[in-house]
Amino acid sequence: RLLNAVDVLLVSSAWGEGFPNVLAEAMATEICCVTTDLGESSNIVSKYGKTVPPENSQELASAVLSFLELPLQIRTEIGRGARKRIDKYYSICSISKQYMNLYCSAVNLSEGS
């Protein structure tokens, strides 16, 4: 319910983010996201969000405003694309397949050694 009340999600970390789950959760809820360029953040949001350098409050504010100034229909379309991206690359099914492929390749590598 909380994410459904958000117009734009902002993740303004200055250091240490690996995979901020809140980005994927917001995108799965069809919310436009702005994030600092740390860890996997830019890969997660891709073209469906905005990534700015850490510790740059002016660019963060500008990125948030750029989303808020868009017509609701455009933000909705971006949000739908964001959800599709999360479903495709970060769903449980997708992630489990990636792990299985990794494990299988590791076993094949060790068998050939």
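The values are calculated or read from the model by the stated rules, or taken from the named source; none is laboratory data. Keep in mind the model is a prediction, meaning the values are calculated, not measured. Neighbour counts are summed over all protein chains in view; Cβ atoms, including those assigned to glycine, are modelled from backbone coordinates with ideal geometry. What goes into the accessible areas is simple: the full protein's heavy atoms, side chains included, and nothing from ligands, DNA or RNA. Shrake-Rupley method; radii C 1.70, N 1.55, O 1.52, S 1.80 Å.
Just a few scattered comments:
- Split the accessible area of the chain by element, probe 1.4 Å, and carbon with sulfur accounts for 54%.
- Only one residue of THR29, SER41, ALA106 has its Cα farthest out toward the positive end of the dipole of the chain, where Lys and Arg carry +1 and Asp and Glu -1 on Cβ, and that residue is THR29.
- Kirkwood Rh in Å, taken over the chain so that all alpha-carbon pairs contribute: 15.2 Å
- Helix-only mean residue ellipticity at 222 nm for the chain, each DSSP H run of n ≥ 4 adding -39500 (n - 2.57), per residue, nearest 500: -18000 deg cm²/dmol
- Checking every one of the GluC sites (Glu not before Pro) in the stretch 42-113 against DSSP loop status and a limit of 12 other Cβ atoms within 10 Å picks out GLU55, GLU69.
- Other residues within the sphere of radius under 11 Å centred on the Cβ of SER91, judged by their own Cβ, net out at +4 (K and R +1, D and E -1).
- Angle between the chain longest axis and helix 57-68 axis [Cα atoms, degrees, rounded to 10]: 80 degrees
- Approximating the spin labels as points 7 Å out from Cα along Cα→Cβ, the SER105-to-ASN56 distance works out to 3.2 nm.
- Spin-label pair ILE95/ARG1, simplified geometry with 7 Å Cα→Cβ offset, distance in nm: 2.6 nm
- Extension gain (nm, one decimal) between LEU70 and VAL22, 0.36 nm per residue minus Cα-Cα: 15.0 nm
- On Cα atoms only, tilt of 92-112 relative to the major axis of the chain in degrees: 30 degrees
- Solvent-accessible surface of the stretch 1-76, averaged per residue with a 1.4 angstrom probe and all protein chains in place: 58 square angstrom.
- Take the convex hull of the alpha carbons in the stretch 1-42; its mean projected area over all directions comes to 2.7 nm².
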